[in-house]
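Note sheet for the following structure.
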Amino acid sequence: NAGVTQTPKFRVLKTGQSMTLLCAQDMNHEYMYWYRQDPGMGLRLIHYSVGEGTTAKGEVPDGYNVSRLKKQNFLLGLESAAPSQTSVYFCASSYQDPRVGTEAFFGQGTRLTVV
Amino acid sequence: DAKTTQPPSMDCAEGRAANLPCNHSTISGNEYVYWYRQIHSQGPQYIIHGLKNNETNEMASLIITEDRKSSTLILPHATLRDTAVYYCIVGLAGNTPLVFGKGTRLSVIA
(Lines give C-alpha, C1' and ligand atoms only; values in the text may rest on other atoms or scores of the structure.)
Protein backbone atom coordinates (compact mmCIF):
# COMPACT_ATOMS: atom_id res chain seq x y z
CA ASN A 1 0.00 0.00 0.00
CA ALA A 2 1.90 3.03 -1.28
CA GLY A 3 -0.61 5.73 -0.24
CA VAL A 4 -0.09 8.91 -2.25
CA THR A 5 2.79 8.97 -4.70
CA GLN A 6 4.03 12.07 -6.51
CA THR A 7 6.16 12.06 -9.63
CA PRO A 8 8.71 13.60 -10.07
CA LYS A 9 10.23 14.53 -6.71
CA PHE A 10 12.46 17.28 -8.12
CA ARG A 11 12.42 19.27 -11.35
CA VAL A 12 14.10 22.35 -12.77
CA LEU A 13 12.32 24.12 -15.62
CA LYS A 14 13.22 27.05 -17.78
CA THR A 15 10.75 29.91 -18.02
CA GLY A 16 8.13 29.13 -20.65
CA GLN A 17 8.55 25.36 -20.55
CA SER A 18 5.65 23.08 -19.76
CA MET A 19 5.41 20.05 -17.53
CA THR A 20 2.94 17.74 -15.82
CA LEU A 21 3.07 16.58 -12.22
CA LEU A 22 1.49 13.22 -11.52
CA CYS A 23 -0.27 12.23 -8.33
CA ALA A 24 -1.36 8.63 -7.82
CA GLN A 25 -3.27 7.14 -4.88
CA ASP A 26 -4.14 3.53 -4.20
CA MET A 27 -6.73 4.04 -1.43
CA ASN A 28 -9.77 4.38 -3.70
CA HIS A 29 -10.31 7.92 -2.46
CA GLU A 30 -12.86 10.13 -4.17
CA TYR A 31 -11.26 13.48 -3.32
CA MET A 32 -7.86 14.61 -4.54
CA TYR A 33 -6.09 17.96 -4.16
CA TRP A 34 -3.09 19.92 -5.31
CA TYR A 35 -1.45 22.42 -2.94
CA ARG A 36 1.61 24.60 -3.25
CA GLN A 37 3.83 25.72 -0.41
CA ASP A 38 6.22 28.65 -0.66
CA PRO A 39 9.05 29.17 1.85
CA GLY A 40 7.77 30.03 5.32
CA MET A 41 4.16 29.81 4.22
CA GLY A 42 1.30 27.45 4.79
CA LEU A 43 -0.20 25.34 2.04
CA ARG A 44 -2.41 27.00 -0.55
CA LEU A 45 -4.94 25.05 -2.56
CA ILE A 46 -4.49 25.16 -6.34
CA HIS A 47 -7.16 22.81 -7.68
CA TYR A 48 -9.09 19.86 -6.39
CA SER A 49 -11.35 17.07 -7.56
CA VAL A 50 -14.34 15.46 -5.86
CA GLY A 51 -14.43 12.47 -8.18
CA GLU A 52 -13.32 11.00 -11.48
CA GLY A 53 -13.91 13.42 -14.32
CA THR A 54 -14.43 16.45 -12.05
CA THR A 55 -12.16 19.37 -11.17
CA ALA A 56 -12.60 22.64 -9.31
CA LYS A 57 -10.53 25.75 -8.64
CA GLY A 58 -8.92 26.44 -5.30
CA GLU A 59 -7.33 29.59 -3.88
CA VAL A 60 -4.53 30.02 -6.44
CA PRO A 61 -5.54 28.31 -9.74
CA ASP A 62 -4.04 30.76 -12.25
CA GLY A 63 -1.30 29.31 -14.44
CA TYR A 64 -2.27 25.70 -13.70
CA ASN A 65 -4.56 23.13 -15.25
CA VAL A 66 -5.64 19.76 -13.91
CA SER A 67 -7.25 16.56 -15.09
CA ARG A 68 -8.80 13.56 -13.33
CA LEU A 69 -9.38 11.03 -16.08
CA LYS A 70 -8.90 8.08 -13.74
CA LYS A 71 -10.01 7.92 -10.13
CA GLN A 72 -6.56 7.06 -8.87
CA ASN A 73 -4.67 9.80 -10.74
CA PHE A 74 -4.74 13.59 -10.53
CA LEU A 75 -2.50 15.52 -12.93
CA LEU A 76 -1.30 19.09 -12.47
CA GLY A 77 -0.07 20.88 -15.58
CA LEU A 78 1.96 24.02 -16.06
CA GLU A 79 1.56 25.20 -19.66
CA SER A 80 4.14 28.00 -19.54
CA ALA A 81 6.19 27.95 -16.38
CA ALA A 82 7.08 31.22 -14.62
CA PRO A 83 9.60 31.87 -11.82
CA SER A 84 6.64 32.69 -9.53
CA GLN A 85 5.67 29.02 -9.78
CA THR A 86 8.85 27.95 -8.03
CA SER A 87 7.48 26.10 -5.03
CA VAL A 88 6.95 22.74 -3.36
CA TYR A 89 3.82 21.03 -4.64
CA PHE A 90 1.87 18.61 -2.50
CA CYS A 91 -0.83 16.26 -3.59
CA ALA A 92 -3.37 14.81 -1.18
CA SER A 93 -6.37 12.52 -1.22
CA SER A 94 -9.22 11.75 1.15
CA TYR A 95 -12.48 9.85 1.43
CA GLN A 96 -14.44 12.76 2.93
CA ASP A 97 -17.11 10.76 4.64
CA PRO A 98 -17.38 11.26 8.42
CA ARG A 99 -18.74 7.75 8.76
CA VAL A 100 -15.47 6.24 7.62
CA GLY A 101 -12.98 9.03 8.21
CA THR A 102 -12.12 12.37 6.72
CA GLU A 103 -8.38 12.57 7.13
CA ALA A 104 -6.35 13.63 4.14
CA PHE A 105 -3.23 11.72 3.11
CA PHE A 106 -0.40 13.72 1.58
CA GLY A 107 2.37 12.82 -0.79
CA GLN A 108 5.98 13.71 -0.09
CA GLY A 109 6.01 16.68 -2.40
CA THR A 110 7.55 17.80 -5.69
CA ARG A 111 10.17 20.52 -5.46
CA LEU A 112 9.93 22.64 -8.63
CA THR A 113 12.34 25.39 -9.56
CA VAL A 114 11.67 27.64 -12.54
CA VAL A 115 14.71 29.59 -13.76
CA ASP B 1 -15.19 27.62 6.55
CA ALA B 2 -14.32 29.28 9.85
CA LYS B 3 -10.91 30.84 10.27
CA THR B 4 -8.45 29.91 12.99
CA THR B 5 -5.88 31.80 15.04
CA GLN B 6 -2.75 30.10 16.34
CA PRO B 7 0.42 31.43 17.99
CA PRO B 8 3.25 31.52 15.46
CA SER B 9 5.68 29.58 17.64
CA MET B 10 6.02 27.67 20.90
CA ASP B 11 8.76 25.84 22.77
CA CYS B 12 8.37 22.71 24.86
CA ALA B 13 10.85 20.73 26.94
CA GLU B 14 11.38 17.15 25.88
CA GLY B 15 9.24 14.77 27.94
CA ARG B 16 6.78 17.44 28.97
CA ALA B 17 3.28 17.89 27.61
CA ALA B 18 2.93 20.25 24.67
CA ASN B 19 -0.32 22.21 24.67
CA LEU B 20 -1.05 23.95 21.39
CA PRO B 21 -3.99 26.38 21.44
CA CYS B 22 -6.30 27.34 18.59
CA ASN B 23 -9.05 29.93 18.48
CA HIS B 24 -11.95 29.43 16.08
CA SER B 25 -14.59 31.80 17.40
CA THR B 26 -16.68 31.79 14.19
CA ILE B 27 -16.98 28.02 13.95
CA SER B 28 -20.42 26.77 12.97
CA GLY B 29 -22.25 23.92 14.63
CA ASN B 30 -21.43 21.27 12.05
CA GLU B 31 -17.80 22.17 11.41
CA TYR B 32 -15.09 19.83 12.58
CA VAL B 33 -11.75 20.81 14.11
CA TYR B 34 -8.78 19.10 12.45
CA TRP B 35 -5.13 19.07 13.42
CA TYR B 36 -2.28 18.29 11.07
CA ARG B 37 1.45 18.65 11.41
CA GLN B 38 4.29 19.07 8.96
CA ILE B 39 7.72 17.87 9.92
CA HIS B 40 10.48 19.77 8.12
CA SER B 41 9.55 19.74 4.43
CA GLN B 42 7.54 16.53 4.41
CA GLY B 43 3.89 16.31 3.44
CA PRO B 44 1.46 17.21 6.23
CA GLN B 45 0.37 14.39 8.51
CA TYR B 46 -3.08 13.99 10.02
CA ILE B 47 -3.14 13.97 13.83
CA ILE B 48 -6.70 14.08 15.08
CA HIS B 49 -10.11 15.65 14.55
CA GLY B 50 -13.25 16.26 16.56
CA LEU B 51 -16.66 17.87 16.50
CA LYS B 52 -17.90 18.45 20.05
CA ASN B 53 -16.42 15.85 22.34
CA ASN B 54 -12.83 15.58 23.42
CA GLU B 55 -10.90 13.03 21.40
CA THR B 56 -7.81 10.93 22.06
CA ASN B 57 -5.74 8.67 19.86
CA GLU B 58 -2.27 7.20 19.96
CA MET B 59 -0.70 10.50 18.90
CA ALA B 60 -2.52 13.19 20.83
CA SER B 61 -5.58 14.47 22.64
CA LEU B 62 -7.93 17.16 21.41
CA ILE B 63 -9.78 19.27 23.94
CA ILE B 64 -12.64 21.38 22.57
CA THR B 65 -14.26 23.98 24.80
CA GLU B 66 -17.95 23.68 25.51
CA ASP B 67 -18.78 26.70 23.33
CA ARG B 68 -16.49 25.24 20.61
CA LYS B 69 -14.78 28.59 20.09
CA SER B 70 -11.36 27.24 20.93
CA SER B 71 -9.47 23.98 21.22
CA THR B 72 -6.16 22.62 22.46
CA LEU B 73 -4.03 19.89 20.98
CA ILE B 74 -2.09 18.02 23.63
CA LEU B 75 1.01 15.94 22.94
CA PRO B 76 1.36 14.19 26.30
CA HIS B 77 5.10 13.49 26.27
CA ALA B 78 6.79 15.56 23.59
CA THR B 79 9.90 14.20 21.92
CA LEU B 80 12.42 15.84 19.61
CA ARG B 81 10.64 14.15 16.69
CA ASP B 82 7.52 16.18 17.49
CA THR B 83 9.28 19.36 16.36
CA ALA B 84 7.09 20.51 13.47
CA VAL B 85 4.56 23.07 12.28
CA TYR B 86 1.10 22.26 13.65
CA TYR B 87 -1.98 23.35 11.75
CA CYS B 88 -5.42 23.79 13.25
CA ILE B 89 -8.15 23.75 10.61
CA VAL B 90 -11.92 23.91 10.82
CA GLY B 91 -14.20 22.71 8.07
CA LEU B 92 -17.24 20.75 7.08
CA ALA B 93 -16.81 17.02 6.68
CA GLY B 94 -17.58 15.99 3.13
CA ASN B 95 -17.25 19.56 1.90
CA THR B 96 -14.47 21.48 0.21
CA PRO B 97 -10.88 20.64 1.06
CA LEU B 98 -8.83 21.77 4.00
CA VAL B 99 -7.64 25.38 4.08
CA PHE B 100 -4.29 25.71 5.81
CA GLY B 101 -3.13 28.78 7.72
CA LYS B 102 0.43 29.41 8.86
CA GLY B 103 0.19 27.14 11.90
CA THR B 104 2.30 27.02 15.06
CA ARG B 105 5.95 26.08 14.87
CA LEU B 106 6.60 23.82 17.86
CA SER B 107 10.20 23.38 18.92
CA VAL B 108 10.85 20.54 21.36
CA ILE B 109 14.03 21.26 23.29
CA ALA B 110 16.26 18.64 24.90
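The values are calculated or read from the model by the stated rules, or taken from the named source; none is laboratory data. The structure presented is a predicted model; accordingly, all values stated were derived computationally and were not measured. Note that each Cβ is placed from the backbone with ideal geometry, even for glycine, and that neighbours are counted across all protein chains shown. Please note that ligands, DNA and RNA were not included when accessible areas were found on the heavy atoms of the full protein model with its side chains. Shrake-Rupley method; radii C 1.70, N 1.55, O 1.52, S 1.80 Å.
For this structure, a couple of remarks:
- In the protein assembly as shown, lysine pairs closer than 22 Å at Cα, eight or more apart or cross-chain: 11
- Threshold 50 Å² - residues in segment B:56-105 whose accessible area is reduced by that much or more when the chain is no longer isolated, probe 1.4 Å: B:G94, B:P97, B:F100
- Whether segment A:62-115 is rounded, prolate or oblate, judged on the alpha carbon gyration tensor where a/c under 1.5 counts as rounded: prolate
- Area hidden from solvent between B and A (accessible, protein heavy atoms only, 1.4 Å, total, Å²): 1700
- Here is the list for segment A:1-64: GluC sites (Glu not before Pro) lying in DSSP coil, each with at most 14 other C-beta atoms within 10 angstrom of its C-beta, are A:E52, A:E59.
- Only protein atoms count toward the accessible area here, which uses a 1.4 Å probe; on segment B:1-95, the carbon and sulfur part of that area reaches 47 percent.
- Measuring gaps between exposed loop sites in chain B (GluC sites (Glu not before Pro); DSSP loop; at most 12 other Cβ atoms within 10 Å), the longest gap, sites not included, is B:1-57.
- Proximal charge balance of A:L22 [Cβ under 13 Å; K/R count +1, D/E count -1]: +4
- Free of any trypsin sites (Lys or Arg not before Pro) that DSSP assigns to a loop and that have at most 15 other C-beta atoms within 10 Å, the longest stretch within chain B is B:17-51.
- For chain B, the antiparallel share of DSSP beta bridges with both residues in that region comes to about 85%.
- Counting Cβ atoms of other protein chains within 10 Å of each residue's Cβ and taking the mean over peptide B:36-49 gives 5.
- For B:I39, the shell of other residues with beta-carbons less than 12 Å away shows a net charge of +2, using +1 for Lys and Arg and -1 for Asp and Glu.
- Note on A:104-111: average number of Cβ atoms from other chains within 10 Å of each residue's Cβ is 4.
- Summed side-chain charge close to A:V115 - residues other than A:V115 whose Cβ falls under 15 Å, Lys, Arg +1, Asp, Glu -1: +3
- Positive-end ranking of A:Y64, A:F10, A:I46 along the dipole of segment A:1-64, with charges on Cβ about the Cα centre, is headed by A:F10.
- Fluctuation leader among B:P44, B:P76, B:P97 - chain B, Gaussian network, Cα springs under 10 angstrom: B:P97
- Each principal axis of chain B carries a Cα extent, and these read 40, 28, 23 Å when sorted largest first.
- Heavy-atom surface of chain A, accessible at 1.4 Å and reported per residue (Å²): 48
- Qualifying trypsin sites (Lys or Arg not before Pro) in segment A:13-78, DSSP loop, other Cβ atoms within 10 Å at most 13: A:K14, A:K70
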